[in-house]
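Some notes on the structure that comes next.
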Amino acid sequence: MSSEIFKYLDESKVTGRHWQITILSAMGTFLDGYDISIIAVALTIITTIPSFHYAVTPLGKGLMAASTSIGMLIAGLLGGYLSDLRGRRFLYMWDMAVFIIFTALMSLAVGYWDLFTYRLILGFAIGTDYALTPTMISEISPVKPRGKMLAVSTTMWWVGSAVAYVIGFLLLPLGINSWRYMFAIGLIPAIIVLILRRTVPESARWYAMKGEIEKAQLSEKSVVGQADDLSKVKKQKVSIRTLFDKRYIKGTIFFGIAWFAYDVAFYGISLFNPYILSLFGLTHRLAVLGSAVFAIFGILGGLICLLTVDKWGRKVNTLIGFLGMTVSLLVLSYIAYTVPKDAFTVGSTAVLIVSMFILFEVTNTWGLGTTDFIYGQELFPTSIRSTGQGWGVTISRIGAVLSLTTFPTIVALYGLGSGLLFFAIVGGLLGLVVTLLLAPETKQKPLEELEKGY
């Protein structure tokens, strides 16, 4: 099925050019996965350094963990809007350059607040990339495999996360400065991606929406080798208010609340994974190693979604994800309440803990951990597609910041069981309900058809 406007793009076979653009875009999420996960390892070292003493407090630890999320919160909607206004490719290059500069500065930080500031600005770059790179993929993807191609992007987050935990585990023996090397290694893929992104063209759909028909045709031809007659494409006005148009308001509400709920649970578990495992009784190094193993299961969940999302649909996969997250977190909370210390010393309890962590990692990426980038592209028209994705990024990061700043305090005051119960209810259960009630099904539909509403 295709629209009458971008028939060649919609019906094209997937080519090497498609995959080139997809992978270069997906590397942005790889780098985010690396950065978010490496801070979880780095924090276990930083909290022992006198100049970072504030990171020892629950609030200080939470703020440092949440620093990039705060930056993403600010940049998500703004970056998406600028992408719709100025073009995808303009910010596609600049956000990676900012990422490189501030990753380098992070590795040289000498105190708590300069590291916090560098990570905050790094979050601006990541938030902008989140808002526009899925748009780069969706606007060149054929209709039938569009979900699969977008799922590649989110699955790369977990590849980055797994790489971060493995590198963190390997570098821990290098001592007190090993956290600097952990950050610095992230520069290598970022520099390569920046260089290669120069080959990616501007979106044909964006050009057409702006009324630049000849450029749109050249862009389409550079991807699929042919160009449609785009003379009938109507110019569209870029306006944030379109998010709340009656055609899109249901999707806007669903997308914001569901991603908010998801990030409450996901970011809390992801960034405090080694900390949570240590509270269950694992040693420092084993907690980091366990986090690396669990992150690999996150890749598995993303691959399952990649294989099923264009067949089963976006809504079914999202519901499976939230259900698995809710069940696993409720069980882990119960274990934390009933076996408060050294749970890993009890064989059957240890098996159950590991099983629930695996269930959480597999299902969270099977669900909205992957479909967030798909829904964000299919719920909104070309004029605000990046803005809509950015809306989700900003609202979700409110959930992430809430989670990361609240969880250490809840654990300090009420114990690990209460912290995990908070994730289960405000994260998993809320997401499950809002998806069931509000989520539309958008699979196998051209972007231009979805612009009519759902």
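No value in this document is a laboratory result; all are computed from the given coordinates. Predicted, not measured: the structure shown is a model, and the values here were computed from it. All Cβ positions, glycine included, derive from the backbone under ideal geometry; neighbour counts span all protein chains shown.
Observations
- Between His53 and Thr15, the contour length at 0.36 nm per residue exceeds the Cα-Cα span by 8.5 nm.
- Debye-sum result for region 7-450 in log10 I(q)/I(0), which assumes one identical scatterer on each alpha carbon, at q = 0.12 Å⁻¹: -0.93
- A Förster radius of 30 Å, combined with the Cβ-Cβ distance separating Val354 from Thr199, puts the computed FRET efficiency at roughly 0.10.
- Within the chain, helix-based [θ] at 222 nm, where runs of 4 or more DSSP H residues each add -39,500 (n - 2.57), nearest 500: -24500 deg cm²/dmol
- Net lengthening on full extension, Lys452/Ile176 (0.36 nm per residue, minus Cα-Cα): 93.7 nm
- Pairs from Lys61/Lys250; Lys148/Lys452; Lys7/Lys311 whose Cα-Cα separation, in the structure shown, is over 30 Å: Lys61/Lys250
- Over region 7-450, relative contact order from alpha-carbon pairs under 8 Å, at least 6 apart, %: 27 percent
- Those aspartates and glutamates that a straight Cα-Cα span of less than 17 Å connects to Lys443, excepting residues fewer than 8 apart in one chain: Asp10, Glu11, Glu139, Asp310, Asp372, Glu378, Glu451
- For region 260-311, the Cα-based Rg and Dmax, in that order, read 13.6, 43 Å.
- Longest DSSP-loop-exposure-free segment, GluC sites (Glu not before Pro), the chain, at most 13 other Cβ within 10 Å: 5-440
- Efficiency of FRET between Tyr337 and Ser239 - r from beta-carbon atoms, R0 60 angstrom, step 0.05: 0.75
- Nearest 10 degrees, 0 to 90: helix 146-171 Cα axis against the chain principal axis: 30 degrees
- Taking Cα atoms only, the orientation of helix 385-414 departs from the longest principal axis of the chain by about 10 degrees.
- Rule-of-thumb Rg ratio for region 66-158 [Cα; 2.2 N^0.38 Å; N residues]: 1.19
- Order of Leu9, Leu172, Leu91 under a 10 Å beta carbon neighbour criterion, fewest first: Leu172, Leu91, Leu9
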